[in-house]
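The values are calculated or read from the model by the stated rules, or taken from the named source; none is laboratory data. Values in this document were obtained by computation on a predicted structure and should not be read as measured data. Every residue, glycine among them, receives a Cβ derived from its backbone with ideal geometry; neighbour counts consider all protein chains shown. Heavy atoms of the whole protein, side chains included, go into the accessibility calculation; ligands, DNA and RNA do not. Shrake-Rupley method; radii C 1.70, N 1.55, O 1.52, S 1.80 Å.
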Amino acid sequence: MRVPLLDLSAQYQALAGPIRQQIDEVLQTQRFILGPKVEQFESALCDYTGTKFAIGVSSGTDALLAVLMALEIGPGDAILTTPYSFFATAACIARVGATPLFVDMDPATFNISAAALRSFIEKNCRQTDGVLMTRERQAVRLIIPVHLFGLCCDMDAIMEIAREFDLLVVEDAAQAIGAGYPQTDATGLAGTIGDVGCFSFYPSKNLGAAGDAGAIICDNENLATRIRTCRQHGMEPRYHHQFIGGNFRLDELQAAILQVKLPHLSNWSGARRAAADFYRAEFSRRNLGDSIILPSEPYRERIGNHHIYHQFVVRAEARDELRAHLTRNEIGTEIYYPVPLHLQECFFYLGYKEGDLPEAERAAAETLALPIYPELSRDAQRFVVDKIAEFYG
Ligand SMILES: *Cc1c(COP(=O)(O)O)cnc(C)c1O
């Protein structure tokens, strides 16, 4: 039995009719740039997330970049973030000329540790004239938490730190659209808790376009306007450039396709959670608890959409040998991520060395993503767990 890590074809087959119709409509009108489909999708995204403003952009990477440019982050600024994420999170910080400050992750959730964040600030930073400064005299301007694999960070603790030290919070919610976070009055959604939220609609993300796409959400009108202007070269009005932005526009065709898919997202997330539950039951039936550590679900008792399982990532004993065994059995897996960001070659100049962020480094050596997607069959999942049991058996 062949079990790919991800199979997008079933989802496309189910929606092929309406998707093709949308594409046809765009081709008929020949409105390819910032037409009605982009506006409709942005408004649907506001309804879905409950935020006032949504700005469609060209990718998740460009979402982060456009926000940092709109906030005028640049040389002399520093940004607190996690070393355990996709490259784009830290790359955008470096691309605008700022310095990423990596703070280690929580081993239970793979997300940035709020406790480590606080102790980093207390040890390495000082508030002068209301600005948080590093020893190197850089101004710490914001925190970029990443809701990795579809689970929200400990946002209460992160927001408390942000308020205390007057930092903005830009959520990298590229992997977490629709993930809930339990708050006292209601359930917050990934991307809506900090000052700005960034989404990616890369095809393999939970809400995937037919190419690159992304979005930014926020409640602050001035910031939303500035980001919208940044999306078109800082241009407002036409051919008058207030500041330097980029071409960060969401494509009309992508918006048309995303509009068809968004209404199904909650069901898809539910199906991913059901698949995660089934994995849990199978792993426990096979008594694999000594060799495999399953993803933690800290909010499960409090909210329904506690995780959207963009990835189902386990820690595995003898990870690389297990992976080779699964590959031989035609089971797709992936390592997210084999090299933590602080040890990437392009960041050698920042001066980090091995051992600096031990939890991220340990995760890089132990984690393995197993197949998960809404249409994944129970037979396929049973096969995956059977083969894992065979390896350790
Ligand atoms: C996918 C991803 C991005 C970048 O999104 P693209 O659409 O691929 O540019 C950024 N951050 C995280 C955590 C991601 O997973």
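A few remarks follow.
- Extension gain for the segment residue 219 to residue 28, taken as residue separation times 0.36 nm less the Cα-Cα distance, is 65.3 nm to one decimal.
- Per DSSP, loop chymotrypsin sites (Phe, Trp or Tyr not before Pro) in region 216-268 with at most 13 further Cβ within 10 Å: 239
- Region 290-357: C-alpha gyration tensor shape, a/c 1.5 cut-off, then a/b vs b/c: oblate
- J(HN,Hα) series, region 158-173, from Karplus relation 6.51 cos²θ - 1.76 cosθ + 1.60, nearest Hz, glycine and proline x: 5, 5, 5, 5, 4, 5, 4, 10, 6, 10, 7, 10, 10, 7, 8, 9
- Three-way shape label, region 1-143, alpha-carbon gyration tensor, a/c 1.5: prolate
- Site pair residue 8 and residue 139 shows an inter-label distance of 4.1 nm when each label is modelled 7 Å from Cα along Cα→Cβ.
- Computed from backbone phi, the HN-Hα couplings of region 351-364 come to x, 6, 9, 4, x, 5, 10, x, 5, 5, 5, 5, 4, 4 Hz, rounded to whole numbers (Karplus: 6.51 cos²θ - 1.76 cosθ + 1.60, θ = phi - 60°; Gly and Pro given as x).
- Between residue 377 and residue 44, the modelled labels are 3.0 nm apart [label points 7 Å from Cα along Cα→Cβ].
- Gain on full extension, evaluated as 0.36 nm per residue between residue 131 and residue 356 minus their Cα-Cα distance, stands at 78.4 nm.
- Among 225, 49, 82, the largest mean-square fluctuation in a Gaussian network model of the chain, built with springs joining Cα atoms closer than 10 Å, belongs to 225.
- Dipole magnitude for the chain: about 480 debye, using +1 per Lys or Arg Cβ and -1 per Asp or Glu Cβ, origin at the Cα centre.
- About its Cα centre, the dipole of region 222-269 is roughly 100 debye, where the only charges are +1 on Lys and Arg Cβ and -1 on Asp and Glu Cβ.
- Residues in region 358-391 reached by a label modelled at residue 328 [backbone nitrogen below 17 Å; 7 Å Cα→Cβ]: 384-391
- Label-point separation in nm, residue 52 to residue 392, each point 7 Å along Cα→Cβ: 5.0
- Positive dipole terminus of the chain, leading residue within 258, 88, 274 (C-beta point charges): 258
- Cα-Cα separations in region 129-202 greater than 16 Å, expressed as whole percent: 49
- Average Cα contact separation per residue, the chain, under 8 Å, 6 or more apart, as relative contact order %: 22
- Cα centre as origin, Lys/Arg/Asp/Glu Cβ charges: region 265-392 dipole, Debye: 460
- Classification of the chain by its C-alpha gyration tensor yields an oblate form. The axis ratio a/c (a ≥ b ≥ c) is 1.5 or more, and b/c is at least a/b.
- Restricting the trypsin sites (Lys or Arg not before Pro) of region 263-329 to loop positions (DSSP other than H, G, I, E, B) with no more than 14 neighbouring Cβ atoms within 10 Å leaves 300, 302.
- Solvent-accessible area of the chain (1.4 angstrom probe, protein heavy atoms only): carbon and sulfur portion equals 49 percent.
- A DSSP coil position with no more than 14 other Cβ atoms inside 10 Å describes the following chymotrypsin sites (Phe, Trp or Tyr not before Pro) in region 56-137: 87.
- Part-to-part distance (alpha-carbon centres) for region 57-76 and region 156-230, which is given in Å: 13
- Just checking the listed ones, 259, 344, 311: in the Gaussian network model of the chain with Cα springs under 10 Å, the one fluctuating most is 344.
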